[in-house]
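A short write-up of the structure that comes next.
What follows draws every value from the coordinates through simple rules; no lab data is involved. Just so you know, these numbers come straight off a predicted model, no measurement behind them. Cβ sites come from the backbone with ideal geometry, for glycine too, and all protein chains shown count toward neighbours.
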Amino acid sequence: MTQTKATPDIAAGRLSEDAYAENFSDLHPLLEPHEAMVEADRCYFCYDAPCMQACPTSIDIPQFIRQISTDNPTGSAKTIFEQNILGGMCARVCPTETLCEQVCVREVAEGKPVKIGQLQRYATDHYMRENDTTPFERAASTGKRIAVVGAGPAGLSCAHRLAVHGHDVVLFDAKEKAGGLNEFGIASYKSVDNFAAREVEFVLSIGGIELKTGMRLGDNLDLAELRSSYDAVFLSIGLGGVNALGLDGEDKDGSLDAVDYIADLRQANDLSKLPVGRRVVVIGGGMTAVDIAVQTSLLGAEDVTIAYRRGQDRMNASEYEQHLAQTSGVKIMTWAQPKTLVGANGSITAIELERTAEEDGRLVGTGSVVTLPADMVFKAVGQTLVQSDLGDGVALEKGRIVVDENRKTNLADVWAGGDCVLGGEDLTVTAVEDGKIAAESINAALSA
Amino acid sequence: MADLSTNFIGIKSPNPFWLASAPPTDKEYNVVRAFKAGWGGVVWKTLGEDPAVVNVNGPRYGAIHGKDRQLIGLNNIELITDRPLEVNLREIKQVKRDWPDRALVVSLMVPCEEQNWINILKRVEETEADGVELNFGCPHGMSERGMGSAVGQVPEYIEMVTRWVKQHSRMPCIVKLTPNITDVRKPAQAAKAGGADAVSLINTINSIMGVDLDIMSPSPSVDGKGAHGGYCGPAVKPIALNMVAEIARDPATHGLPISGIGGVTTWRDAAEFMALGAGSVQVCTAAMTYGFKVVEDMIDGLSDWMDQKGYTSVDQVVGSAVPNVSDWQYLNLNYIAKAKIDQDLCIQCGRCHIACEDTSHQAITNMVDGARKFEVIDEECVGCNLCVSVCPVENCITMEAMEPGSVDPRTKKVVEKEYANWTTHPNNPMAVTEAAE
C-alpha cells in the first residue's frame, strides 16, 4: 500500500498573481468584429435549421447570425433575447457541442461547426454594452402578483417574461445574491467580469420585479402562505441538497462538497487566499466534477484526478468538457468507485478506490483496490431536492417536482422549472426555457 | 509545354498577359518591376497633353468586399497620367529599349481635333513603342471634358479619330471601348470602319460604390461629395465576357482582334476571355490587389491547362467558344435537364428547397417519410439550375440531361432527339413554318 503523508498539504497562494489572472481569464474571449463577420459568413442560413431545432429555447440562430453579418448586432441580440433573455450566459455556458453546434450542417459536413455560441455572445455582449435595459416593454399592468421562488436561470427567465406581460413579480432567493448557479456554480473562466450579476441587473431592468434575497423556502418562506398571498407561484428552487458517498470518513477535513467549494471560489475576491490541496481527487462524472477538477488544477493543485465509476463515454460531462479537463492537466480515471477515505488526525490523506466492471449491464466492484494520496476529496455525485422545504401537496417523483408540458405542477396555482423538476437536463438553457414556458402558461391562466 | 508567346496585331509578347493602362503602368519604375515579375506586356497609362491633369488629393478608389475583406469590385476616379508628357515619353523609350521582347503599347487621350492627334502620335512614334491604344473608355473626369467615354459613346467620333490615327501613324492601333453604352457592337464596328487593328474592352463601368450613411455622401467621398467612378475587378467579368463575345460573333466585326479586359484574376479567367475571342488579356485590379506576382500562376496555370487539353499555342484557344455563343431563340428547346441531388454529398442545409419553394417551382422536398431530406421532384423540376446556384456544396446538385426517348415526368412528353428551337415553336406567332402548297 502506498505510503501517505500524515499531514495534508492544503495551502493558499500556490501561484503567482499573474498566473491566477491568466488561469481564470475568459476561456473564449469575445470575438472581434471582423472575426464575427467572417464566422457569421460561414453560416448557410439553413432552411428549418437543425441548430434552431436543437436549441432548447428555439433561438432563431440563422436569423441572429445573419443579423450579425449585416452589421445589425442590436437586432441580432433582440432575436436572441426574444427566445432567451439569458442569452448572454447561455452563450458562455451552453454545451453547444451537444446542442446547436453538434447538428450544424458544417459540423456534419466538415467537422467545423459555425461558432454559434461565440457569435451569440458577440451579439448579446454588444447589446448589453450599448443598452441599460432589456429590449422589451412591459404591457399595461394586469394587477396580478406572482411569486417566483429562486432567482436562478429558471426564475429570472420566468420573472422577466411575466413582467413583460404586465404582471408584478416578487423574486425570492435564499442567498444574499440573485443568479443561482450562474452566480455560484458556473466555472469562473466561463463567466468573468462579474457577468452573472450584470445579467441579473439586465433582466431586472424590465421593471416590475422586486428582488428579495435571504428568503428561503422552508425557512422564512412557506409555500402555502405564498399561494394565499399571490395569484401564482413559480418554484425554481434548484437542488439544495448534495448527495453523499456513504463512506466512512466523509466527515473528515478535506472531504468536501464540490458545489460549496465552487461557490466559495466564485465569490472569492482574491483567489490567492483560497486554500487548495496539492493532491485532489474528484468523485463524479458530470459537469460539476469537471468544473471542480479544472478549477483546483488552475488554482495550483499538482495532481488532480477525476474518479468515475464507469467508462468515459458514460460521463455526463460533455466530450468537450472532458477534453478541457485533460488539457488542463486533470487525469480522468474510469472504472473506479470510492471505497474508503483514509485519514489521520481528522484529515484526509488518501482515498481508496475499487476497480469496477460491468457485468450484464450491472456495475460491480472487482475487489481490486487503488489508493490515491489526496489532500482534498471532492464529492460531485449530484445534488438533490430538499423535499421538506416544499411542505405537503406538491407531487414528486424520483425526488423531483412533477410538471406537465406547461411546467405546471399538480397544484392549480403552482408552476415549477429548472433543476428541481423531473425530466430536467440540469442545463442553464433548459432552465431558461422552463421559466419562459411557465410564464406563458401562468399568463394564459391569469388572463383567462 | 504549351507555347504562350503571342503575336497580337503584330505586337509580340512572351505571354498573353498584359497590364492594362492604369496606375500600375504609370511609371518606368512600376513597369520594370512588372516585366521582372514576368508580365508579357503593358499598356502604358494614358498620356495626354501638357499641362498634365491633376488628381483629387483625397480617396481615388472605393471597393466592394466580401466578409473576409476579399476584394470583389473596385472603382476609381483617377484620371490619366498626371506626369509631364516628356517624362513619360522618355521613360517609355528607355523601357522599350531595355525590354525589347515585351509588348509596350501606349494609351492616348487628347481632344478630338486632328492636329492634337497628329502632334502626340509623332512624339509616341519616336519612342519606338509597339503600338497605341486609344482611350475612348474612361467614364469619369475626362469624359466631362469631351474625351474618354464621351468619345466612346459616339460611334462617329470613334471612327473619325481612329481614321486620323491610322492616317498619321504607322503604329498598330487598338481602340479601347467603354461598356457604358447600350450595344457594344456599334462602337466596335465604328472602330473597324476607322481602320483599327484591334479593339480592347471593357473599360470601367459607371458606378457609385456605396453611400456613407452617416454623412450621406457617395463613396469614395472627397470632402463629403462623391462623383461616379469606373468599376472594375472580379465583379465585372461577366459583363466583359459578354461584350467580348458580342464583338467576336458579330459578322461585321468577326475576326477583329480583341484584347480582353475586365476582372481577369486567374489563368482560368484569361482562358475564358481567350475562348471568347480575346487574343491577349489585360489585367489591372488583380495586380493592384495582390501585386505583380499574380502573373506567375497566370502563366503557369494557363500553360498547364493547355498541356492538359492538348493545345500547343495560344492561337488554338482564341475564339474556341465563339461558335457556341448563340441567341436565345436558337437554344435547343428539346434539351431536357433535371436537377439531381447527391445524397452522400448533401449536408442538408435546405437552401435548395427554400429557394425552389419560395421563388421557383416547388420541385424540391424538405421531408421524405417524416425525415429531413431534400430530393428533386422530377414532376415539377423545370431544370432551371437555381438549386445548383445556391447549393453551398460543389457538385452536390447537378443537372442531368434526359435521354431522348424517355418521358419527361413534368410534361409527360417523350424527350425528342431532334433539335428544335423557338423559331419553329408552335407558340411563336412569328414561327417559320413551311409554306403552304
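Shape descriptor for the stretch B:285-417: Rg over Rh equals 1.11 (Cα atoms; Rh from the Kirkwood inverse mean 1/r).
Tell me which of A:Thr79, A:Gly423, A:Thr96 sits at the most positive position along the dipole axis of chain A, charges placed on C-beta atoms (Lys, Arg +1; Asp, Glu -1). Positive-most Cα among the choices belongs to A:Gly423. In whole percents, the pair-distance distribution calculated for the stretch A:242-383 from its alpha-carbon pairs, binned every 10 Å from zero, is 13, 44, 35, 7, 1. Going 7 Å from the Cα of A:Leu27 along its beta-carbon direction, which residues of the stretch A:251-285 have the amide nitrogen within less than 17 Å of the resulting point? Answer for this model: A:259, A:262-263, A:265-267, A:285.
Could you tell me the calculated FRET efficiency between B:Tyr335 and B:Lys293, based on Cβ-Cβ distance and R0 = 45 angstrom, to the nearest 0.05?
Calculated value: 0.55.
Coupling constants for the stretch B:319-333 follow from the phi torsions by the Karplus curve (6.51 cos²θ - 1.76 cosθ + 1.60, θ = phi - 60°), and in residue order they are x, 4, 8, 4, x, 8, 8, 10, 9, 3, 5, 9, 6, 6, 6 Hz; glycine and proline get x.
What is the local net charge at A:Thr296, summed over the other residues whose Cβ is closer than 14 Å to its Cβ (Lys, Arg +1; Asp, Glu -1)? Taking every Cβ under 14 Å from that of A:Thr296, the sum is -2.
Got a sec? How would A:Leu372, A:Leu27 order by Cβ neighbour count within 10 Å, fewest to most?
A:Leu27, A:Leu372
Summing Lys and Arg as +1 and Asp and Glu as -1 over all other residues whose Cβ lies under 13 Å from the Cβ of A:Leu245 gives a net charge of -2. In the protein assembly as shown, the DSSP beta bridges split such that about 45 percent are antiparallel, to the nearest 5.
Taking H as built 1.01 Å from N, whose amide H comes closer than 5 Å to the amide H of B:Val42, not counting residues under 5 places away? Close amide H contacts, sequence-distant or interchain: B:Leu19, B:Ala103, B:Leu104, B:Val105.
The B:Arg69 and B:Gln308 beta-carbon pair, evaluated with R₀ = 41 Å, returns a calculated FRET efficiency of approximately 0.80.
As a rough footprinting exposure proxy, the listed residues A:Arg310, A:Arg129 were ranked by other beta carbons within 10 Å of their own, and the order from fewest upward is A:Arg129, A:Arg310. Extending 7 Å from Cα along the Cβ direction at B:Ala227 and again at A:Ala268 yields two label points whose distance is 6.8 nm. Ellipsoid semi-axes for the stretch A:33-130, based on the Cα gyration tensor and the rule √(5λ), read 19, 15, 12 Å when sorted largest first. When DSSP beta bridges are restricted to pairs lying wholly in chain B, around 50% turn out antiparallel. Taken about its Cα centre, the stretch A:33-130 carries a charge dipole of roughly 120 debye when the Cβ of each Lys and Arg holds +1 and the Cβ of each Asp and Glu holds -1.
The H on the amide N of A:Val369, modeled in the peptide plane, is under 5 Å from the matching H of A:Arg355, each at least 5 residues off or on a different chain. Within the straight-line cut-off of under 12 Å between alpha carbons, the aspartates and glutamates reachable from A:Lys339 are A:Asp248, A:Glu250, A:Glu352, A:Glu354, sequence neighbours fewer than 8 places apart in one chain being disregarded.
With the convex hull of the Cα atoms taken as the outline of chain A, the averaged projected area works out to 23.1 nm². Where both bridge residues fall in the stretch B:39-117, DSSP classifies roughly 50% of the beta bridges as antiparallel. For the protein assembly as shown, with the dipole built from +1 on Lys and Arg beta-carbon atoms and -1 on Asp and Glu ones, taken about the Cα centre, which of B:Thr359, B:Thr178, B:Val432 lies farthest toward the positive end? Of B:Thr359, B:Thr178, B:Val432, it is B:Thr178.
Between B:Gly233 and B:Leu74, B:Gly263, B:Thr285, the built amide H atoms are under 5 Å apart, and every one of these is 5 or more places off in sequence or on another chain. Here the 3J(HN,Hα) profile of the stretch B:144-154, calculated from phi with Karplus coefficients 6.51, -1.76 and 1.60 at θ = phi - 60°, is 5, 9, x, 10, x, 5, 4, 7, x, 8, 10 Hz, Gly and Pro shown as x.
Cα convex hull, chain B: 198 Å³ per residue, rounded to a whole number. For each pair in B:Lys96/B:Lys166; B:Lys340/B:Lys417; A:Lys273/A:Lys379; A:Lys112/B:Lys309; B:Lys12/B:Lys309; A:Lys78/A:Lys112, compute the distance between the two Cα atoms and list the pairs where it is over 30 Å. Over 30 Å apart, Cα to Cα: A:Lys112/B:Lys309. In order along the stretch B:217-226, phi translates into HN-Hα couplings of 10, x, 10, x, 9, 10, 6, x, 10, x Hz, rounded to whole numbers, per the Karplus curve 6.51 cos²θ - 1.76 cosθ + 1.60 with θ = phi - 60° and x for Gly and Pro. Hey, what's the Kirkwood Rh for the protein assembly as shown if you take every pair of different alpha carbons, in angstrom? It works out to 33.5 Å. Applying the criteria of a DSSP loop state and at most 10 other Cβ atoms within 10 Å to the trypsin sites (Lys or Arg not before Pro) of the stretch B:133-184 yields B:Arg170.
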